[in-house]
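Take a look at the structure below.
The values are calculated or read from the model by the stated rules, or taken from the named source; none is laboratory data. Model, not experiment: these values are computed from the prediction. Here the Cβ positions follow ideal geometry from the backbone for every residue, glycine too, while neighbour counts run over all protein chains shown. Accessible surface is based on the protein model in full, side chains and every heavy atom, while ligands, DNA and RNA are left aside. Shrake-Rupley method; radii C 1.70, N 1.55, O 1.52, S 1.80 Å.
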Amino acid sequence: ALQGMGHLHHCENRRRYRLGAGVLALGYAASEPFSLGEIARPYLSELANTYNVHASLAKRDRLDAVEVEVSHSLKTLMTLQLEVGSRLPLAGTATGIALIASLPPAEYDYLMISLHERHGKNWQHLLSKIETGCAQVSNKGYVTAHGSWDTDINGVAVPLVFPGGSPVFSLACGAPALHLPPKKQREIGERLLVLKPIIEERLRNGSALETRKDAG
């Protein structure tokens, strides 16, 4: 149950459990000088202002995605009214699917049962979106969503994986569909793929720095 809620992550290679996103995010946010928000902030600002979108970093909290860092475009008023702490549904959104796509099989299966119970009669439609999106992540590295959490909102996202495989965060961009058509989604998706290893490398370096400090 704890694994399904994102509080524990099972490392199959080491056959051990480690703390998951719901717990680790608090520790990483509080650690100094290493801060995920500080690492991601300039990249989110670049994405928001280059593409005139809402850019965000999100983590999973049970059946929702929670925004933990956001940036709004300075060049347009057409932005999403989402701030730090805003919640999005996992099912059907680019942000949510990027978080789902990197889950280990047991945690994925548990989550699908819970999402089925939550969404009821809309589940088959949402499950199709999840499966299509996970295949996108597998094949292209990023996922796009059209008319997701709001009927007029499009999004694109990639998963960011912490050292050791947990927790997983979502690096995402969203905007009204008129301002984020499929061609622009693909363009942003390619840029997210460039930023993903850069941010993950900085996470590894920051995590290693904290480990050395603790050991000293």
Contact list, first residue from segment 179-192 and open to solvent by less than 10 Å² (accessible area, probe 1.4 Å), second anywhere and aromatic (Phe, Trp, Tyr), beta-carbon distance below 6 Å, six or more apart or interchain, is ILE188/TYR51; GLY189/TYR142; LEU192/TYR142
Please work out if GLY6 is on the phi > 0 side of the Ramachandran plot and at pLDDT below 85. yes
Can you report the number of residues in segment 113-136 which are open to solvent by 20 Å² or more (accessible area, probe 1.4 Å), within 15 Å of LEU90 (Cβ to Cβ) and either in a loop (DSSP other than H, G, I, E, B) or among the aliphatic types (A, V, I, L, M) (or both)? 3
Scan segment 137-162 for residues that are open to solvent by 30 Å² or more (accessible area, probe 1.4 Å) and closer than 18 Å to ARG60 by Cβ and jot them down. TRP149, VAL161
Looking at PRO197, PRO182, PRO159 in this structure, which one is over 16 Å from the mean Cα position of the chain (by Cα) and at pLDDT 90 or above? PRO182
Can you find a residue in segment 46-54 that is within 16 Å of ILE130 (Cβ to Cβ) and open to solvent by 10 Å² or more (accessible area, probe 1.4 Å)? no
Among residues belonging to segment 76-112 that are assigned to a loop (DSSP other than H, G, I, E, B), out of contact with any strand residue (DSSP E or B) (no Cβ under 7 Å at 6 or more places or on another chain) and open to solvent by 40 Å² or more (accessible area, probe 1.4 Å), point out the one that is farthest from ARG62 (Cα to Cα). LEU77
What number goes with the only condition from (1) touching a helix residue (DSSP H, G or I) at 6+ places or on another chain (Cβ under 8 Å); (2) touching a residue at least 60 places away in the same chain (Cβ under 8 Å); (3) of a type outside the set (Ser, Thr, Tyr) that ALA106 does not pass? (1)
Does GLN81 satisfy the condition of being closer than 17 Å to CYS173 by Cβ, of a type outside the set (A, V, I, L, M, F, W, C) and without any contact (Cβ under 8 Å) to a residue 24 or more places away in the chain? yes
